[in-house]
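Note sheet for the following structure.
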Amino acid sequence: MQLLKEKIIKEGIVLKGEILKVDSFLNHQIDPELMMEIGKEFANRFANKKIDRILTIEASGIAVALTTGLMLNVPVVFAKKGKSELMNDDAYYADVYSFTKKINSKVSVLKKFMPPAQNILIIDDFLAHGEAALGLAEIVHQANSTVAGIGIVIEKQFQGGAAKLIEKGYHLESLARIKAFKECSVILD
Ligand code: 5GP
């Protein structure tokens, strides 16, 4: 994923609190060509797995989940954040602490979009402490389904999320891994 790595180095902005802003291609403005490349790469990396459906979380996971779903020819579902009248008892819920917003929020997925006994690929834009991915995995388990793998666009290795997911036995694939932030620049693995 050379193109992704080049974009991170060239366009990524390191904010305080060890947050990387990549709003020129992933988190606000979206680069469609790069999203397609990412979808192809995830599809290749999980080619040996049976995948029935993709689960991500709004909003920034949606673009990469969509292109991955297109490549694998499976439906894409995104977990919603916060309360909504549209969600009710017919939903699965998980508590997720937001790394960027520093708040706890409930995420939910309607049960009708998470039928049981499915192999679910979890996709997200960033991996920091692993809260979002673990919340999504929790929803998969509530639905009596299996986590087929977890695909992450940008992993911040130094925040421990990857170790937690691997320890739980999940197959993790990260397309770009950040070793450290040094004087506002990004050091990739
Ligand atoms: P975690 O739950 O693993 O602690 O953090 C992952 C979630 O927080 C992702 O869904 C992502 O939206 C957000 N996040 C974590 N770190 C960053 C970051 O450095 N930059 C951006 N843009 N989002 C991040």
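Tabulated values for the structure
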read-out	value
Filtered residue count, region 23-56, keeping only those that are farther than 23 Å from E11 by Cβ and either open to solvent by 50 Å² or more (accessible area, probe 1.4 Å) or within 16 Å of the ligand (Cβ to nearest atom) (or both)	8
For K102: the one exception among (1) open to solvent by less than 80 Å² (accessible area, probe 1.4 Å); (2) modelled with pLDDT under 95	(1)
Among the residues listed as A94, A117, A162, A180, the single one being within 12 Å of the ligand (Cβ to nearest atom), open to solvent by 10 Å² or more (accessible area, probe 1.4 Å) and modelled with pLDDT of 95 or more	A162
Test: residue in region 131-140 that is outside any helix (DSSP H, G or I) and at pLDDT 95 or above	no
Among residues of region 4-58, those that are assigned to a helix (DSSP H, G or I) and touching an Asp or Glu at 6+ places or on another chain (Cβ under 6 Å), counted	1
Scope region 128-177; condition in contact with a helix residue (DSSP H, G or I) (Cβ under 6 Å, 6 or more places away or on another chain) and farther than 27 Å from L110 by Cα; matching residues	E155, L175, A176, R177
Where A63 falls short, out of the listed (1) over 22 Å from D31 (Cα atoms); (2) within 12 Å of the chain's Cα centre (by Cα)	(1)
Hey, D89 at pLDDT below 95 and surrounded by fewer than 20 Cβ atoms within 10 Å (Cβ to Cβ) or not	yes
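The values are calculated or read from the model by the stated rules, or taken from the named source; none is laboratory data. Keep in mind the model is a prediction, meaning the values are calculated, not measured. When we count neighbours, we look across all protein chains shown, and the Cβ atoms used for this are built from the backbone with ideal geometry, even at glycine. Surface areas here come from the heavy atoms of the whole protein model, side chains and all, with no ligands, DNA or RNA. Shrake-Rupley method; radii C 1.70, N 1.55, O 1.52, S 1.80 Å.
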